[in-house]
Each structure stands twice: as structure tokens, then as C-alpha cells.
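One structure below.
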Amino acid sequence: MHLRRTAGRASPGGAGVRVPRSLGRPPLPDAAEIATTASANPRSPVSVSFLGVSTVLFDDGESAILTDGFFSRPSLPKTLLLPLRSDGPRIDSALRRAGIGTLDAVVCAHSHFDHALDSAAVALRTGAALVGGASTAQIGRGARMPEGRITVVADGSAVELGHFTVTFVESVHSYPDRAHGTIDRPLRQPARVRAFRCGEAWSMAVEHRPSGRRALVHSSAGFRAGMLDGLSAEVVYLSIGQLGRRTREYIGEYWRETVLSVGARRVVLTHWDDFFRPLDRPLRPLPYAFDDMRTSLDVLTACARRDGVDLQLPTLWRRADPWADMV
């Protein structure tokens, strides 16, 4: 996988912001509106499981990596009012349900709590390396992870992790970033939600070397123009978190700079679920106070139809083959 690095320009912070509705939440679209990812079969060389927010498991039966690993999902009152710590029983339950025993790596998109709260705890439980930016490394150090199991990446870093190669491309967080900045010292839990500062935000290109299958995991709905030039991927796991608060023009540009830039044929949507709700309850979209999934879907569906791209919504826990029917 070759990466041509470009300086790019960040999408302007508050530009293109739409005033959202405030009450209720959008309905979850049904099968008539959007397809779901096909289950993997015994011949699938690698499976991909959606585990909520932007936690995604890539597994070929011998080697596995996990993005983020966020399973605690504390309630909104707890998140706002109390210091946060990883919930061991919830993590253990999720790992069992997902069939995760050992991992080669936990790779972190950025260091907000809904991505990185549990990253170190999951890595310690599964024997994994913790891979991400400098702020993510401080979360690992706060959890007393051995330094030799912490890998700090830079823009353009390509890291071999078991049977996978992950290329990290520096992006920007979606607007608004309510915990902007970096984590500059080891972060020990419990810690307030604002202590989980964003740090670097990564778009992660994943290649399964034995099969040549490629996917882009883009975990926050921001971008730098041209940042993905030179990369290609058949599948994009695309965050739509807070995207419904942006204008239709911004959403269209986001689609061009992520999906069309890498030549994707299929897009699987992530970061749409209410992450203040535990995984043992059915997933539902975030309330309008945080996002408007309906607006995002309306624009993205039109983009996908125009460009001949298959748009899908993942099913929680399902071991899927997003490359099905492509080869």
C-alpha cells in the first residue's frame, strides 16, 4: 500500500454548521432503506465485526486487530458528573460476545473517551500492543502498560501488526471537538471526561496482506483536503458522528474526500449509535441534541446512488465480509 503524503487543508472548524433539532431522536433506518453487511462464510479470508461506535474487529482466524475497543459506554449522567474508569465486567462480556481472545493490536483513532477509555484495558486483557498517537500512549502509560507494548505513530506511518498493515494518515476531528488538545502526561483512571483530550485524529488504512483486501477506517467526520491521495481501499468504514449537524454541502465534500478519494465500492457507516447506552441493549441513533442521522443518511444515500457505491449499515456483533461479491 503506497501513500503519497500531502499537506492538505483542514476543513474549516465551524464552517458549514447546521442548527439541529433539539428533542427526540431519529428512527433507526430499516432494511428497506439501507442494506446490512453480509455475514462472512468459511471461505472469507478475513471477517470484520462492528462492535459499536467506531470499534471494529478485523480477524482472519490467526491474526486480529481491533480499532478503539470502547465497551464501557457509561451513561450520559455518569459521563458528565463523575470521573470515568473502564468497566471490567462490560469489557469482559463484550470480548466474549465478539469471540476475542488474543489480539495483535488495539489501534486507536484518537483519544476521546468514546474511543480510548478502554483501549489500554482491552490491550492488557488480550496481549495486544496499543498503537496510536502520543496522547493515546499517555492513556497506556496511565494504565501501567509496558512501554514495549506502546507504539506511537506519525502521519504516514505504516505499521505491520500480525497479518495486517495499518497506515496512519493525520486527519482532523469532526466539529465540534469538545475536548480539544493533547494528553501530555500519563492519564490514570478514574479521570474526568475532558481529560480524554483528542490528541491526533487518524484515518487508518488497513490492509490484510495474505488476501490483499483493503479497508479504510475513518473514525471522525472531519478531513484534510487531499489527505488520502495515493491510497486505495475497496471498503470504507465511515464515521457519521455529528455529520448530521453539518450542511449538505459539507457532507458531500466529506464523501468526496474519503469515499471517492480511495475509490471505494462499499461504505459501512459507523459512529451513529448512542454510545451512552450499553451493548446489551439494542442500538439506537444519538438524540437530535447530539446529531441528526436522518440528514446524514439522506445526503449519503444520494451520493452513493450517484456514484455507484454500495451503502450499508452494520449489524452489531456480526462477523461480516464487506468484500463479498467484489471478487
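The values are calculated or read from the model by the stated rules, or taken from the named source; none is laboratory data. None of the values given here were measured: they were computed from a predicted structure. As a convention, Cβ positions derive from the backbone with ideal geometry for all residues, glycine included, and neighbour counts pool all protein chains shown.
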Test each condition in (1) at positive phi; (2) surrounded by 22 or more Cβ atoms within 10 Å (Cβ to Cβ) for residue 228 and report the one that comes out false. (1)
Among 116, 137, 215, 123, which is the only one that is buried (at least 23 other Cβ atoms within 10 Å of the Cβ), touching a residue at least 12 places away in the same chain (Cβ under 8 Å) and under 28 Å from residue 324 (Cα atoms)? 215
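Output the residue which, of all residues in the range 242-285 that are among the β-branched types (Val, Ile, Thr) and closer than 17 Å to residue 28 by Cβ, is surrounded by the fewest Cβ atoms within 10 Å (Cβ to Cβ). Walk me through how you get there before you give the answer.
The initial filter retains those residues of the range 242-285 that are among the β-branched types (Val, Ile, Thr), namely 247, 251, 258-259, 262, 267-268, 270.
With closer than 17 Å to residue 28 by Cβ added as a condition, the list becomes 268, 270.
Details: 268: 24, 270: 26.
If we take residues in the range 242-285 being among the β-branched types (Val, Ile, Thr) and closer than 17 Å to residue 28 by Cβ, then 268 is surrounded by the fewest Cβ atoms within 10 Å (Cβ to Cβ).
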Which residue is nearest to residue 227 (Cα to Cα), if the candidates are limited to the range 120-163 and must be part of a strand (DSSP E or B) and over 17 Å from the mean Cα position of the chain (by Cα)? 158
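Might you let me know whether the range 148-159 holds any residue that is modelled with pLDDT under 95 and among the β-branched types (Val, Ile, Thr)?
Checked the range 148-159: no residue is modelled with pLDDT under 95 and among the β-branched types (Val, Ile, Thr).
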Quick one: is residue 255 part of a helix (DSSP H, G or I) and within 30 Å of residue 45 (Cβ to Cβ)? yes
For residue 191, only one of the following conditions fails: (1) farther than 19 Å from residue 65 by Cα; (2) exposed (fewer than 14 other Cβ atoms within 10 Å of the Cβ). What is its number? (2)
Count of the range 182-215 residues which are in a strand (DSSP E or B) and in contact with a helix residue (DSSP H, G or I) (Cβ under 7 Å, 6 or more places away or on another chain): 0
